[in-house]
Amino acid sequence: MSEQPGPVDPRELRVSDAERTHVVNVLQKAIGHGMLSLDEFTERTDKALAAKTRGELNAVLVDLAGVTHTDAEAPVREKPVELRASFATLKRNGDWTVPRELVIYNRLGSTDLDFSEARIKHGEVRIQLNCGGGSVKLVLPEGASVVHDEVRMTAGSIKDKVGSGGGRPRFVLTGSVTAGSLVIRRPSYLRIGNLLIHSSLRITRAAD
């Protein structure tokens, strides 16, 4: 049996444009206090704007203890919400609130997340996969897009019926799937006359 992937290192979690901008503001404050030269500021700003993970972004601030950016509009980093399915089935559907970041731990289980009727307040939702020997199914809202180029597949399969494009919200998938499957699709409907029966069995009236 293949070795199962270990827990996700927090330093490997992806960062957003808002977080990169926040760090650049911290660097601007540091140069104002004389803690950085102009060349150091330029070099670190370039690294911050190119950073993809928390580890890369934090590296430019590691020796600047005590310097913070207190802009009231600066984003507050939310702790990722963890979902775990071990030899079990985990489902989310209907009217549920979607966090900015999700971490899915799936061991020989099934994780089914239906976002089609969920409350999504963010333009981008990041999902870190840590799946071994199970399945993950994601139902995305109409108009949404998905990026999964950085998901590592080992003896597994991925079926994407949505595609990237520029739709919002955008779902960014990272992590790994070993001896398992990842399915990404749109919601399905059954039309009977002027009624629509959604995949969650909710019934609505079709638009004329």
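Quick notes on this structure:
- Sequentially through region 122-130, phi angles give Karplus couplings (6.51, -1.76, 1.60; θ = phi - 60°) of 10, x, 9, 10, 9, 10, 9, 9, 9 Hz, Gly and Pro residues having no value and appearing as x.
- Spin-label model, Leu64 to Phe87: label points 7 Å out along the Cα-to-beta-carbon direction sit 4.9 nm apart.
- Computed from phi, the 3J(HN,Hα) profile of region 164-180 under the Karplus parametrisation 6.51, -1.76, 1.60 (θ = phi - 60°) reads 7, x, x, x, 10, x, 9, 9, 10, 9, 9, x, 8, 10, 10, 6, x Hz, with x in place of Gly and Pro.
- The H on the amide N of Val146, modeled in the peptide plane, is under 5 Å from the matching H of Gly163, Ser164, Phe171, each at least 5 residues off or on a different chain.
- Approximating the spin labels as points 7 Å out from Cα along Cα→Cβ, the Asn25-to-Lys159 distance works out to 4.5 nm.
- Extension gain from Arg186 to Glu12, taking 0.36 nm per residue of separation minus the Cα-Cα distance: 59.8 nm
Laboratory data are not the source of any read-out in this text; all were calculated from the coordinates shown. Small disclaimer: the values here were computed from a predicted structure and weren't measured. FYI the Cβ positions are ideal-geometry reconstructions off the backbone, even for glycines, and counts take in every protein chain you see.
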